[in-house]
Amino acid sequence: MLQHGRQALESQPFSKLVGAMLTRFDTEGTELRVPIVDALKQQHGFVHGGVLSYVADNALTFAGGAALGTGVVTSEYKINYVRPAIGQEIVARAAAVHGGKSQAVCRCEVFVVSEGKETLCAIAQGTIARLPAAPSVE
């Protein structure tokens, strides 16, 4: 599953732009990492909230895809920022809390890594929806 997930991530231009790396992708959960560079910071030196939101959204979607076993998209999600992200790397870990036939509810914690120590900086929850089957061409 991990190789398949890495191929999907590689096909996302924005994920490549921010340097995202998928380090875990299985039915138990996912882990996505983004190195912190100056281009991802806002004016106060923190990682921009949009970057934290991106990594949470993508981790949630991978977790939902693993639970549903098919192509998926984010239907909705909510994020709470609990502290500024200052460090060397962002790590998002997500897992499905509940999976049904057409959607999965997933939870994600986003950590910032500074000098080898992880600190929680955001928490997200989202609903991930199964993509409909592609229409057949006749």
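The values are calculated or read from the model by the stated rules, or taken from the named source; none is laboratory data. Because the structure is predicted, anything quoted here is derived from the model rather than measured. So basically every Cβ, Gly included, is an ideal-geometry build from the backbone, and we count neighbours across all protein chains shown.
From the list Gly50, Gly19, Gly64, which one is out of contact with any helix residue (DSSP H, G or I) (no Cβ under 8 Å at 6 or more places or on another chain), under 17 Å from Cys108 (Cα atoms) and without any contact (Cβ under 8 Å) to a residue 24 or more places away in the chain?
Working: Gly19 fails: under 17 Å from Cys108 (Cα atoms); Gly64 fails: without any contact (Cβ under 8 Å) to a residue 24 or more places away in the chain.
Within the list Gly50, Gly19, Gly64, the selection yields Gly50.
Restricting region 112-124 to residues that are assigned to a strand (DSSP E or B) and surrounded by fewer than 19 Cβ atoms within 10 Å (Cβ to Cβ), which is nearest to the chain's Cα centre (by Cα)?
Initially, region 112-124 is screened for residues assigned to a strand (DSSP E or B), giving 112-114, 117-124.
From the residues that got through so far, the ones that are surrounded by fewer than 19 Cβ atoms within 10 Å (Cβ to Cβ) too are 113-114, 117-120, 123.
Values: Val113: 16, Ser114: 20, Lys117: 20, Glu118: 17, Thr119: 17, Leu120: 15, Ile123: 11 Å.
Checking each candidate, the answer is Ile123.
Quick check, is Gly87 surrounded by fewer than 13 Cβ atoms within 10 Å (Cβ to Cβ) and more than 13 Å from the chain's Cα centre (by Cα)?
Working: surrounded by fewer than 13 Cβ atoms within 10 Å (Cβ to Cβ): no; more than 13 Å from the chain's Cα centre (by Cα): yes.
Here the answer is no, as Gly87 does not meet what is asked.
Within region 28-47, does at least one residue satisfy the condition of being hydroxyl-bearing (Ser, Thr, Tyr), more than 18 Å from Phe111 (Cβ to Cβ), buried (at least 17 other Cβ atoms within 10 Å of the Cβ) and within 15 Å of the chain's Cα centre (by Cα)? Before you say what the answer is, go through the steps one by one.
The initial filter retains those residues of region 28-47 that are hydroxyl-bearing (Ser, Thr, Tyr), namely 30.
Those left that are additionally more than 18 Å from Phe111 (Cβ to Cβ): none.
For region 28-47, residues hydroxyl-bearing (Ser, Thr, Tyr), more than 18 Å from Phe111 (Cβ to Cβ), buried (at least 17 other Cβ atoms within 10 Å of the Cβ) and within 15 Å of the chain's Cα centre (by Cα): absent.
Looking at the structure I just gave you, is Gly71 farther than 14 Å from Val112 by Cα and touching a Pro at 6+ places or on another chain (Cβ under 7 Å)? Even if it seems obvious, please write down each step before you answer.
Values: farther than 14 Å from Val112 by Cα: yes; touching a Pro at 6+ places or on another chain (Cβ under 7 Å): no.
No; evaluated as a whole, the condition is false for this residue.
Let me spell it out: the conditions are (1) under 16 Å from Ser53 (Cβ atoms); (2) surrounded by 18 or more Cβ atoms within 10 Å (Cβ to Cβ), and Asn80 meets all of them except one. Which number is the exception?
(2)
Would you pick out the residues in region 53-76 that are hydroxyl-bearing (Ser, Thr, Tyr) and surrounded by 18 or more Cβ atoms within 10 Å (Cβ to Cβ)? Explain how you work it out, then say what you get.
First pass over region 53-76, keeping only residues hydroxyl-bearing (Ser, Thr, Tyr): 53-54, 61, 70, 74-75.
Passing the criteria: Tyr54, Thr61.
Tell me, which helices (runs of 4 or more DSSP H) lie completely within region 1-106 with 1 or more residues that are modelled with pLDDT of 95 or more? Outline the logic, then answer.
Details: elements: 2-10, 13-18, 49-68.
Passing ranges, in order: 13-18, 49-68.
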